[in-house]
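First the structure, in the form of structure tokens, and then the observations on it.
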Amino acid sequence: VIGSRELEGKAAKGGIGLGVTSEIYLLERVLRVVYQVGLCICLYDITKLEDSYIFPGDGASHTKVHFRYVVFHPFLDEILVGKIKYCSQEGVHVSLGFFDDIVIPPESLQQPAKFDEAEQVWVWEYETDEGAHDLYMDQGEDIRFRVTDEVFLDTSPTGPSAAATDTPGAPGAEEGGQKKEAPYTLLGTISEPGLGLLSWWNS
């Protein structure tokens, strides 16, 4: 992905400022989701540094930097392999190690499936000639799934008017423990032959 950003730093004679180089360092290290783009993994390279400017009343230099970034944004219908992070009524939650916001909803599991409340796992009731055989989707198991959809949520900072509605004082606002929504979520399916736990198809 190609992008550009204006960085601010202390003015330096004969080169870019210390603040600019430190911000470039942060660009290299920080995982962040860009709306409608994907999860930015790391800085690939810097293609151009434009001239630095110092504006009146501001002692810092401003330099526009053009760069390319490595982005995680799988195609729809792409097949990935991850690990089961945990299960809930909402489905099977999968992690790729660097990205955890992947959900396989109940209707996209191998059917028939049921949720075991005691074990907190989903179970595929696999039909055999001898009857149903329960195949558990345990935490930590490797799972192969197909990407079916993606959901982006704009988590950009809101203005003062929106912030005013979230001021402290509303009963249970913080005590309620509202779940923080992920800015980027992948939805998957395993309701096809060959998809699901790797152990199902290796044996």
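Things worth noting here:
- If the condition is being within 11 Å of the chain's Cα centre (by Cα) and more than 18 Å from residue 122 (Cβ to Cβ), then the range 79-100 contributes 96, 97, 98, 99.
- Flag for residue 99 being in a loop (DSSP other than H, G, I, E, B), assigned by TED's automatic domain parsing to the domain that holds residue 191, surrounded by 14 or more Cβ atoms within 10 Å (Cβ to Cβ) and aromatic (Phe, Trp, Tyr): yes
Residue-by-condition table, conditions (1) over 18 Å from residue 91 (Cα atoms); (2) assigned to a strand (DSSP E or B); (3) at pLDDT 70 or above:
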residue: 123; (1), (2), (3): no, yes, yes
residue: 127; (1), (2), (3): yes, yes, yes
residue: 169; (1), (2), (3): yes, no, no
residue: 185; (1), (2), (3): no, yes, yes
residue: 191; (1), (2), (3): no, no, yes
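- Note on the range 49-70: residues that are charged (D, E, K, R), over 27 Å from residue 38 (Cβ atoms) and in a strand (DSSP E or B) total 1.
- Single unsatisfied condition, residue 76 versus (1) loosely packed, with under 13 Cβ neighbours inside 10 Å; (2) among the aliphatic types (A, V, I, L, M); (3) part of a strand (DSSP E or B): (3)
The values are calculated or read from the model by the stated rules, or taken from the named source; none is laboratory data. A quick note: this is a predicted structure, and the numbers were derived from the prediction, not measured. Don't worry about glycine lacking a Cβ; one is built from the backbone with ideal geometry, like all the others, and counts go over all protein chains shown.
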